[in-house]
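Asker: My questions all concern the structure below.
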Amino acid sequence: MSSKPKYYALIEFPYPSGNGLHVGHTRPFTAMDIIARKRRMEGYDVLFPIGWDAFGLPTENYAIKNRVHPRDVTADNINHFREQAKSLLYSFDWEREVNTTDPSYYKWTQWIFVQMFKRGLAYKTKMPVNWCTGCKCVLANEEVVDGVCERCGSEVVRKEKSQWMLKITEYAERLIDDLDEVDYIERVKTQQKNWIGKSYGAELGFKLNVGGEIKVYTTRPDTLFGATYMVVSPEHAVLEGLAPHIENLDEVQAYQSEAAKKSDFERGELNKVKTGVELKGIKAVNPVTNTEIPVFIADYVLSTYGTGAIMAVPAHDERDWEFARKFGLPMTEVISGGKISEAAYTGDGIAVNSGFINGMRVTEAKTKMIAWLTENGIGEEKVNYKLRDWVFSRQRYWGEPIPIVYCEHCGYVPIDESDLPLLLPEVESYEPTDSGESPLASITDWVNTTCPKCGAAAKRETDTMPQWAGSSWYYLRYMSPDCDTALVDPDAIRYWNQVDWYNGGMEHTTLHLLYSRFWHKFLYDIGIVPTKEPYAKRTSQGMILGEDGQKMSKSRGNVVNPDDVIAEYGADTLRLYIMFIGDFEQTANWNSNAVKGCRRFLDRVVGLTNKPLISNSVCERTLHKTIKKVGDDIEQLKFNTAIAQMMTLLNELSDKGASLEDLRILLTILSPFAPQTAQELWSKLGLPGAAAEQQWVEFDPAKMVESEKTIAVQVGGKLKTTITMPTDSDDEEVVAAAMRNEKILKIADGLTLVKSIVVKNKLVNLIMK
């Protein structure tokens, strides 16, 4: 390992689609390449790797359509991506390249799963899942966007299936708390906290008139006196037991069937029309009022949040209010401050119509009610999380096989670690099945095996892992990609420690970023990694839209191919433009004319090196101001203003002349942005070594100070003229110089100066009478 300080810069490794790299990739890739290049120039031993997140549905769907093996499609796509990345001059550590579909890689993905299984964090259970009608496989909640599959855009419906799950909920608290220890942009932290959804409240039981009870979780136990009905989710387990007592069972079952066609997203939308069915013959008892209230099923209550049932307080919850209005249900105001005949009141206030908590404010009333529920054995205080366990099964071929067998005697048993990797078998058809089984299920000679524990006949698991599996730990494999005895070499992890700066898309905040933090914490718990968090710093870029201001897509005809831009203008122009396009963290529109402007800038730099050199710099102040601004702006991802400042310097050097030292400095700071141009001009000028290997330039604060300042001169608050003064002149000198000015002498004729106000280095205001 190097004696230099280490620095680990990371991009999100790309999924190698058939379309190749697009300009959306070039924005984050170029940004991190600039940072990596600057760190090397600052004397760091830099790890800046690249790899391929290559399992996944798009490749499998393409393979099915074109009757080729996904492995061959993946290899071709990776080769294309690699050529494109090299043409963009990215300084990746190519010798550390990883591929999630390589058995030597996914051996360790499977190994991590086995460790989770052994420690109770991987389990199989029957549950309602998101079923993509197009991909014909299960999706995690995070993969359902606006009610459709984020991959193919097909409708997502609910189905009951036996699924492998990862117990990410065990880490919910740590996933929130440890955000305080990392340097993530605030919107990333906020999104993760909101997704995990920690809340404080109470869990309590409502007894039923037919026996038994329904448990609910509420964040507002202070409103219990206002609970006038209950709602259970259409999938709630209690419904099966209540079926003999439900007088309108056919109507209830029909509603359950309709609800199964909707995704959690659709069901949870606030502005959706509320639907539901009363469970006739079933009543619940409000434990504080001791009155019977009706029970409904409705799809706005989700089985995946809380207990899957709610106490409805229509006076103080918007969705309950809308439901109550539709079904003519009573409302009881229990928090003062609103007008419940017009809308639910959800603000703070004083408890009313609430017995022993009357007169208390919300916070005090919550505490008092929880104490009462606990004392009476009805409920207890509880912390709840919106986060659900991670659905880890996919019923597709192109993914990591799950290294588990099922034995009638032993149950689910992991295969022996010495038998990893469990390879994907060859299959004749990759088509997903309508039955919901993976294509692997049809390969009986692969499925049928023996139990690793007792030796009896057993069957292999035929579901595969989701695409997110391989990307949950790839940053560790880069540290020692050829290690065959561990997922990461112990010496390598001690040296590289953790990622110093990780940049990626906001769309991955509640998917990949959350999942990889979870896996890392597990690996920390079992002693594989030395840090609690994988990434010390996380930033995100904005999206690049087409020239028409819309998201780039083939159907709109607004896709920009980076290969075309490179062919016409060169790689340095594309790199420079994609950084100059606007605020890095904000969305930006592609502009072909601005690309030409960046080419002209580079041409002018070339032109400057063709001019005769002057012996000494006459632009020192602008030169050192540029060194400082470019350095600072790179660290703050303000690449556009860094380039603008280099343009300002170029203008001044072009007007006043440039020394060899001026050009050396300009090419050094330009090198991370436009490495090819910088190096060609470096060699042309006969400068020693390589531009990219120079030490990053230090600015001299003393040379940035202006020797003179232009001072505005006001009379009675109105601007009359300006004067030039030495920087930081005394107030008396400024006033005296202003009074000597020809324009001011004419204005002051016959008047007396009674007061003067000086703003240092900016203006003087003369008050005369």
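The values are calculated or read from the model by the stated rules, or taken from the named source; none is laboratory data. Note that this is a predicted model, so its numbers are computed, not measured. Backbone-built Cβ (ideal geometry, glycine too); neighbour counts: all protein chains shown. Accessible surface areas use protein heavy atoms only, side chains included; no ligands, DNA or RNA. Shrake-Rupley method; radii C 1.70, N 1.55, O 1.52, S 1.80 Å.
Asker: With a 1.4 Å probe and all protein chains kept in place, how much accessible area does SER354 have, in Å² rounded to the nearest 10?
Answerer: Surface open to solvent at SER354 totals about 0 Å².
Asker: In addition: Would you please give the FRET efficiency between ASN593 and LYS684, computed as 1/(1 + (r/R0)^6) with r the Cβ-Cβ distance and R0 = 25 Å, to the nearest 0.05? Write out the running numbers ahead of the final one.
Answerer: Numbers: r = 29 Å, r/R0 = 1.16.
The formula returns an efficiency of 0.30 here.
Asker: If each residue of separation counts as 0.36 nm, what is the full-extension length gain between ASN497 and ARG604 once their alpha-carbon separation is subtracted? Could you put the intermediate results ahead of the total?
Answerer: Details: separation 107, 0.36 × 107 = 38.52 nm, distance 4.33 nm.
Net length gain for the segment: 34.2 nm.
Asker: Name the long-range amide H neighbours of LEU763: under 5 Å, sequence gap of 5 or more, or other chain; modelled H, no Pro or chain starts.
Answerer: It is ALA712, by chain and number.
Asker: If I model a spin label at ASP434 and ASP655 as a point 7 Å from the Cα along the Cα→Cβ vector, what separation in nanometres do I get?
Answerer: 7.6 nm
Asker: Placing +1 on the Cβ of each Lys and Arg and -1 on the Cβ of each Asp and Glu in region 403-505, which of PRO481, PRO432, ILE493 has its Cα farthest towards the positive end of the resulting dipole?
Answerer: Projecting each Cα onto the dipole axis, the largest value belongs to ILE493.
Asker: Moving to a separate point now. Would you please state which residues of region 687-720 a label at ARG621 would reach in this model, taking the label point 7 Å out along Cα→Cβ and a backbone N cut-off of under 16 Å?
Answerer: 700-712
Asker: If you don't mind, another one. So for the pair GLU251, SER162, with labels modelled 7 Å out along Cα→Cβ, what separation do we get in nm?
Answerer: A separation of 3.7 nm, rounded to one decimal place.
Asker: Continuing with the same structure: I need the peptides 632-643, 408-419, 367-378, 661-672 ranked by packing, meaning the mean over residues of other C-beta atoms within 10 angstrom, with the highest value on top.
Answerer: Going from most to least packed, we get 661-672, 632-643, 367-378, 408-419.
Asker: Under a 5 Å amide H to amide H cut-off, with H placed in plane at 1.01 Å, what residues pair with VAL129 once short-range neighbours are removed?
Answerer: Distant-sequence amide H within range of VAL129: LYS159, GLU160, LYS161.
Asker: Rg/Rh for region 604-717: what does it come to with C-alpha atoms and Rh from Kirkwood? Could you put the intermediate results ahead of the total?
Answerer: Numbers: Rg = 15.7 Å, Rh = 15.0 Å.
Taking Rg over the Kirkwood Rh, I get 1.04.
Asker: Using the Kirkwood formula over every pair of different C-alpha atoms, what hydrodynamic radius in Å results for region 46-87? Let's see the in-between values first.
Answerer: Details: mean 1/r = 0.0878 Å⁻¹.
Evaluated on region 46-87, it is 11.4 Å.
Asker: Calculate, in nm to one decimal, what THR304 and ASP76 gain on full extension: separation in residues at 0.36 nm each, minus their alpha carbon distance.
Answerer: Once the chain is fully extended between THR304 and ASP76, it gains 78.0 nm.
Asker: Sticking with this one: Residues of region 39-177: accessible area per residue at 1.4 Å, in Å²?
Answerer: 39 Å²
Asker: Just the accessible area for ASP548, please: 1.4 Å probe, Å², rounded to the nearest 10?
Answerer: Rounded to the nearest 10, the figure is 80 Å².
Asker: Could you check how many percent of all C-alpha pairs in the chain are farther apart than 50 Å?
Answerer: Everything past 50 Å amounts to 35 percent.
Asker: Sorted by packing (mean other beta-carbon atoms within 10 Å per residue), highest first, where do 319-330, 392-403 land? Can you show the working numbers first?
Answerer: Details: 319-330: 17.8, 392-403: 26.1.
Listed from highest to lowest mean packing, they are 392-403, 319-330.
Asker: Along region 433-438, what does the Karplus equation 6.51 cos²θ - 1.76 cosθ + 1.60 (θ = phi - 60°) give for ³J(HN,Hα), rounded to whole Hz, x for Gly and Pro?
Answerer: Those phi angles translate into 9, 5, 6, x, 8, 5 Hz.
Asker: Round to the nearest 0.05 the FRET efficiency obtained for LYS272 and ALA567 when R0 = 30 Å and r is the Cβ-Cβ distance. All intermediate terms of the calculation are to be shown ahead of the outcome.
Answerer: On the way: r = 49 Å, r/R0 = 1.65.
Efficiency for this residue pair is about 0.05.
Asker: Could you list, in their original order, any pairs among LYS554/LYS596; LYS86/LYS537; LYS167/LYS193; LYS38/LYS193; LYS126/LYS215; LYS193/LYS339 whose Cα atoms are separated by more than 29 Å?
Answerer: Details: LYS554/LYS596 24 Å; LYS86/LYS537 26 Å; LYS167/LYS193 17 Å; LYS38/LYS193 33 Å; LYS126/LYS215 21 Å; LYS193/LYS339 32 Å.
Over 29 Å apart, Cα to Cα: LYS38/LYS193; LYS193/LYS339.
Asker: Can you compute 3J(HN,Hα) from phi for each residue in region 23-38, using the Karplus curve 6.51 cos²θ - 1.76 cosθ + 1.60 with θ = phi - 60°, rounded to whole Hz and x for Gly and Pro?
Answerer: Those phi angles translate into 5, x, 5, 5, 5, x, 5, 5, 4, 6, 5, 4, 5, 4, 5, 5 Hz.
Asker: Let me ask you something else. I'd like the Karplus ³J(HN,Hα) series for region 659-674: coefficients 6.51, -1.76, 1.60, θ = phi - 60°, whole numbers in Hz, and an x wherever there's a Gly or Pro.
Answerer: Each residue's phi maps through the Karplus curve to give 8, 4, 5, 4, 5, 4, 5, 4, 5, 5, 7, 7, 3, x, 7, 10 Hz.
Asker: Could you work out how much longer the chain between THR346 and GLU258 gets when fully extended? Use 0.36 nm per residue separation minus the Cα distance between them, nm to one decimal.
Answerer: Taking 0.36 nm per residue and subtracting the Cα distance, the gain is 28.6 nm.
Asker: If you find the alpha carbon centre of region 195-255 and of region 595-628, how far apart are they in angstrom?
Answerer: 72 Å
Asker: Packing-wise, with mean Cβ within 10 Å as the measure, how do 24-36, 465-477 rank, highest first?
Answerer: Peptide ranking by packing, descending: 465-477, 24-36.
Asker: Translational D (Stokes-Einstein, µm²/s) of region 99-213 at 10 °C and 1.306 mPa s when Rh comes from the Kirkwood sum over C-alpha pairs?
Answerer: 89 µm²/s
Asker: Let me ask something additional. Once both labels are modelled 7 Å past Cα along the beta-carbon direction, what's the ARG119-THR444 spacing in nm?
Answerer: 4.0 nm
Asker: Something else about it: Accessible area of the chain with a 1.4 Å probe: how many percent of it is carbon plus sulfur? Numbers along the way, then the final one.
Answerer: Values: 15880 of 33120 Å².
It is 48 percent, rounded to a whole number.
Asker: Which value, in Å², gives the accessible area per residue of region 350-467 when a 1.4 Å probe is used on the protein heavy atoms?
Answerer: Values: 5710 Å² over 118 residues.
On a per-residue basis, region 350-467 sits at 48 Å².
Asker: Pairs of lysines 8 or more apart, or on different chains, with alpha carbons under 24 Å: count those in region 620-702, would you?
Answerer: The number of close lysine pairs in region 620-702 is 7.
Asker: To continue, here is another question. So, R0 is 51 Å and r is the distance between the beta-carbons of ASP177 and LYS746; what FRET efficiency does that work out to, to 0.05?
Answerer: Once rounded, the FRET efficiency stands at 0.10.
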